[in-house]
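Presented below is the structure to which this report refers.
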Amino acid sequence: QRLRREVVIENDIGWRIQAMVDFLFSRPVKLISRAADPATAAAIERILDAVWERSGGASLLADIGLLGHVYGHVDLLVRSTAPAPAPAPEPGAHVPESDPPAPTTTPRSLDALAAAAADLVSVEVTEPTRAIPLLAPGDYRTLDAFILHYTRAARTLTATPPTNSRSAAPTSTRATETITELFGPHAHQIYLDSGDGPQLIVSEANHVSPGTPPVVHIQNVSQPFAYSGVSEVEPLLPLQDELNIRLSERAFRVTMQSFKMYLAKGLDGFDSRPVGPGQMWCTDNPDAASEAFGGEGSSPSEQAHIDELRQAFDKQSSLPPLATGVVQAKVGNLSSENALRLTLQGVLTRTARKQLAYGRGIASASTLILAALDHAGLFNTSPHDRLVRVEW
């Protein structure tokens with residue numbers, strides 16, 4: 001009979017990535033407007049909070065951090081459902097009089113304005129596996145267009161023929177359709193493919209950022225002369241594979257050697273009597289003997305190799321187990337804040353560097369939100385008023 005190999009799968013990468021995301025977005029970020037007018041700045045901050053909260057809030061930020069750490073980069077897509085602005089009246093044309101717009105400085109009207117802005121504009125995080133960035137031929141930092149290609153479940157059902165003759169009737173399953181969205185500098189197009197070829201179903205102007213695609217690119221860790229950033233997962237995969245192999249081998253060895261066996265010589269009826277605690281055998285044979293062998297033995301080299309692999313994890317990720325609350329004896333005396341900070345200096349430094357990259361992306365997406373609202377005529381701002389600073 002073929003023996004079953006023991007398989008051990010540890011996910012050191014998973015909890016390390018989750019800890020990195022928790023360090024990065026451990027608290028809600030605060031968007032500070034750089035507008036000179038205090039009333040305008042307060043209105044911008046209220047509107048941005050409403051739009052980001054409607055788009056997902058803390059869950060959206062966690063998704064941004066998770067995708068960025070896994071793939072090395074993440075793209076934020078700013079969508080707007082605003083219709084095209086009305087054309088300006090021709091010279092000499094009669095313009096009907098209308099009531100003056102209500103002031104938007106009171107808290108009640110500001111809340112209504114923020115709710116309307118949240119219904120009009122949203123922020124969407126795109127997974128790199130379904131996104132195709134079209135970069136400029138001469139500059140990898142310039143985005144000419146952005147394509148989203150994905151498959152989703154349709155609202156129709158498809159009949160599946162019975163698998164055998166005993167089936168009474170065919171079963172129904174959800175149909176699928178392929179969506180291709182093209183975000184260009186001046187237009188947004190959506191193509192639908194339900195099985196009979198792609199068909200253009202939506203073609204509209206770029207209401208968010210005319211002249212550039214409404215996409216904000218964030219690199220997890222900057223990679224020179226490349227659009228994609230550095231992933232936190234990829235360098236750890238060889239270490240995880242080696243660790244799981246060693247742990248599986250140890251588990252198999254423990255399974256095969258964790259029990260003891262006995263060899264008896266000169267003992268009559270030894271094979272018919274049970275072996276257990278306190279069991280004794282008596283014989284008149286002076287040459288009788290019993291010998292125990294087997295059992296789990298110590299393997300210092302194997303344990304040392306596993307410990308070295310875990311230390312390599314700490315060095316490569318800059319995240320020791322202490323960051324998640326696993327206190328080991330080797331950390332020493334951490335009686336002061338400075339001593340703990342020195343122990344976690346690697347993860348703190350990397351988190352501060354990532355806050356600059358992700359904070360810049362969040363601020364750029366906020367600028368696009370304000371530009372879309374200005375283009376729709378809901379909340380008019382100047383380019384300087386749209387500058388936003390992120391406080392962690």
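The values are calculated or read from the model by the stated rules, or taken from the named source; none is laboratory data. Not measured: the values here are computed from a predicted model. Methodologically, a virtual Cβ is constructed for each residue, glycine included, from the backbone with ideal geometry; neighbour enumeration extends over all protein chains shown. Side chains included, ligands, DNA and RNA excluded: accessible areas come from the protein's heavy atoms. Shrake-Rupley method; radii C 1.70, N 1.55, O 1.52, S 1.80 Å.
Let's see how each residue does on (1) closer than 26 Å to L24 by Cβ; (2) touching a His at 6+ places or on another chain (Cβ under 7 Å); (3) of a type in the set (S, T, N, Q); (4) loosely packed, with under 14 Cβ neighbours inside 10 Å:
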residue: Y191; (1), (2), (3), (4): no, no, no, no
residue: Q199; (1), (2), (3), (4): no, no, yes, yes
residue: S203; (1), (2), (3), (4): no, no, yes, yes
residue: N220; (1), (2), (3), (4): yes, yes, yes, no
residue: P238; (1), (2), (3), (4): yes, no, no, yes
residue: E242; (1), (2), (3), (4): no, no, no, no
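Going through segment 1-12 one residue at a time, which ones are surrounded by fewer than 18 Cβ atoms within 10 Å (Cβ to Cβ) and under 17 Å from the mean Cα position of the chain (by Cα)?
Hit for segment 1-12 is N11, nothing else.
Scan segment 269-298 and report the pairs whose first residue is at pLDDT below 75 and whose second residue is among the charged types (D, E, K, R) and open to solvent by 80 Å² or more (accessible area, probe 1.4 Å), with Cβ atoms within less than 8 Å and a gap of 6+ or a chain change.
F293/K260; G294/K260; G295/K260
Condition first: within 17 Å of R27 (Cα to Cα) and not aliphatic (A, V, I, L, M). Now tell me which residues in segment 362-392 satisfy that.
Within segment 362-392, R389, E391, W392 qualify.
If a residue has to be assigned to a strand (DSSP E or B) and in contact with a helix residue (DSSP H, G or I) (Cβ under 7 Å, 6 or more places away or on another chain) to count, how many in segment 353-392 make the cut?
3
So if I check each of T142, T171, T163, T156, which one is among the hydroxyl-bearing types (S, T, Y), loosely packed, with under 14 Cβ neighbours inside 10 Å and modelled with pLDDT of 90 or more?
After applying the criteria, what remains is T142.
Counting only residues that are at pLDDT 80 or above and of a type in the set (G, A, S), which one in segment 305-353 is least open to solvent (accessible area, probe 1.4 Å)?
So the residue we want is S317.
Among the residues of segment 42-64, how many are over 23 Å from the mean Cα position of the chain (by Cα) and surrounded by fewer than 16 Cβ atoms within 10 Å (Cβ to Cβ)?
Counting residues in segment 42-64 that are over 23 Å from the mean Cα position of the chain (by Cα) and surrounded by fewer than 16 Cβ atoms within 10 Å (Cβ to Cβ) gives 1.
With the requirement that a residue be among the acidic types (D, E) and in contact (Cβ under 8 Å) with a residue 60 or more places away in the chain, what does segment 230-259 give you?
Matches in segment 230-259: E232, E234, E242.
Can you tell which of A114, A131 is among the small types (G, A, S), within 26 Å of A50 (Cβ to Cβ) and at pLDDT 90 or above?
Every option except A114 fails the conditions.
Assess whether A39 counts as being out of contact with any Pro (no Cβ under 6 Å at 6 or more places or on another chain), at pLDDT below 95, buried (at least 20 other Cβ atoms within 10 Å of the Cβ) and assigned to a helix (DSSP H, G or I).
No: the conditions fail for A39.
Name every residue in segment 297-313 that is more than 29 Å from the chain's Cα centre (by Cα) and of a type in the set (D, E, K, R), in order of residue number.
Result: E302, single match.
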